[in-house]
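S.K.: Mind looking over this structure? Questions follow.
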Amino acid sequence: MTEAGKGDSPLIAGIELGGTKCVCVLGTGPEDIRAEARIKTTTPVETLDAIDAVMRRWQDKHGFQAVGVASFGPLQLDPASRDHGRIVSTPKPGWSGADVLGRARRWGRPVGFDTDVNAAAFAEGRWGAAQGLWSFAYVTVGTGIGVGAVVQGRSIRGLGHVEAGHLRVRRMPGSTFAGACPFHGDCVEGVASGPAIAARSGFPAEQLTRNDPAWDEVVHALAGLFHNMVLTQAPERILMGGGLGMGQGHLLPRIRLALVESLAGYAQGSQIAEGIDAFLTHPGLGHRAGPMGALALGLRAIEGMITDRPI
């Protein structure tokens, strides 16, 4: 009997496909990881072939019951689209049009497929700091800024998936920085991401002191993003992760204060101000939210919350 048939918890193969690296995990959840592999993200063919090799090895040795793929994007998630399952309009060279879901379907198991940030949000809802919540969001702040928004157990979708990291918010008074986003210039990602900080200050974020003025605009932009999320999604909690989001300990307290000031007591503002430490916090799974998100997507596929099945 394969490991996939042991116990009550299904064995899932999870793939967190990131812009610089891919993390593959095999397990049933955060407390039961059987295997893990890291692959550098290069070209689509080279990267997906390397993932295929890992999946074949795990399938032969362990067996697994479903696959979860949490990918960088933007992604086409509309099953009616001829581009369903592909990466679209990405700034990462060579990856626009890459058929990620098509490759995953070859592994002959139910497939859960969503954005990396939506997947991380699902993991936080299942095992982390968003358990039991009706509406919540996971925001990654690092090389890019992505938002995973969950309401009633499902990620928000419409014409596309949420791309709130590219919202434009009111600029900090006196700022003259044009922004670093190749699509929008001074959107939130173009002002507050790692590359934006380096472009404006001339130094990587990890080399800046906590008192460097570059952080002022980061705090201002992220507080503006969270202000808009509060008044649109109305989440019960916002989780701020990512290399910058968790790696700069001074940011979270400053953003909390700026968000309370920005909301000015309007609508949910007073309630948020009273419980700001719990409302805006770090993910319970920390840096493991991403790969655990891939496992969560595989479990959702088995549970019928994602309808995609292998062809």
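The values are calculated or read from the model by the stated rules, or taken from the named source; none is laboratory data. Remember, predicted model here, so these are calculated numbers, not experimental data. Here the Cβ is made from the backbone with ideal geometry for all residues, glycine too, and neighbour counts use every protein chain on show.
S.K.: Does L11 count as within 28 Å of A137 (Cα to Cα) and touching a His at 6+ places or on another chain (Cβ under 9 Å)?
M.R.: yes
S.K.: Would it be correct to say that V54 is touching a Cys at 6+ places or on another chain (Cβ under 6 Å) and buried (at least 18 other Cβ atoms within 10 Å of the Cβ)?
M.R.: Answer is yes for this residue.
Residue-wise test of (1) in the same structural domain as G174 (by TED's automatic domain parsing); (2) of a type outside the set (D, E, K, R).
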site: R254; (1), (2): yes, no
site: V260; (1), (2): yes, yes
site: A267; (1), (2): yes, yes
site: S270; (1), (2): yes, yes
site: A278; (1), (2): yes, yes
site: G293; (1), (2): no, yes
site: L299; (1), (2): no, yes
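S.K.: What number of residues within segment 261-295 satisfy the criterion of being under 24 Å from G247 (Cβ atoms), part of a helix (DSSP H, G or I) and of a type in the set (S, T, N, Q)?
M.R.: 1
S.K.: Moving on to the next point. Please enumerate the residues belonging to segment 164-193 that are touching a residue at least 12 places away in the same chain (Cβ under 8 Å) and either exposed (fewer than 15 other Cβ atoms within 10 Å of the Cβ) or more than 24 Å from L263 (Cβ to Cβ) (or both).
M.R.: Within segment 164-193, R170, F177, G179, A180, C181, P182, F183, H184 meet the criteria.
S.K.: Could you go through segment 128-135 and let me know if any residue there is at pLDDT 95 or above, under 19 Å from I255 (Cβ atoms), of a type outside the set (S, T, N, Q) and under 13 Å from the mean Cα position of the chain (by Cα).
M.R.: There is no residue in segment 128-135 that is at pLDDT 95 or above, under 19 Å from I255 (Cβ atoms), of a type outside the set (S, T, N, Q) and under 13 Å from the mean Cα position of the chain (by Cα).
S.K.: Okay, next question. If you check L231, L225, which single one turns out to be assigned by TED's automatic domain parsing to the domain that holds R254, in a helix (DSSP H, G or I) and surrounded by fewer than 21 Cβ atoms within 10 Å (Cβ to Cβ)?
M.R.: It is L231.
S.K.: Looking only at residues that are more than 22 Å from H220 (Cβ to Cβ) and not hydroxyl-bearing (S, T, Y) in segment 153-163, which one is surrounded by the fewest Cβ atoms within 10 Å (Cβ to Cβ)?
M.R.: L159
S.K.: Look through segment 199-222, keep the residues that are more than 22 Å from the chain's Cα centre (by Cα) and assigned to a helix (DSSP H, G or I), and return whichever of them is surrounded by the fewest Cβ atoms within 10 Å (Cβ to Cβ).
M.R.: Q207
S.K.: Residues in segment 150-191 that are among the small types (G, A, S), over 30 Å from A301 (Cα atoms) and not in a strand (DSSP E or B): how many?
M.R.: 6
S.K.: Now for a separate question. If I ask for residues that are free of Cβ contacts under 8 Å to residues at least 24 places away in the same chain and over 23 Å from S262 (Cα atoms), which ones from segment 197-235 would you list?
M.R.: Of everything in segment 197-235, those that are free of Cβ contacts under 8 Å to residues at least 24 places away in the same chain and over 23 Å from S262 (Cα atoms) turn out to be A198, A199, R200, S201, G202, F203, P204, Q207, L208, T209.
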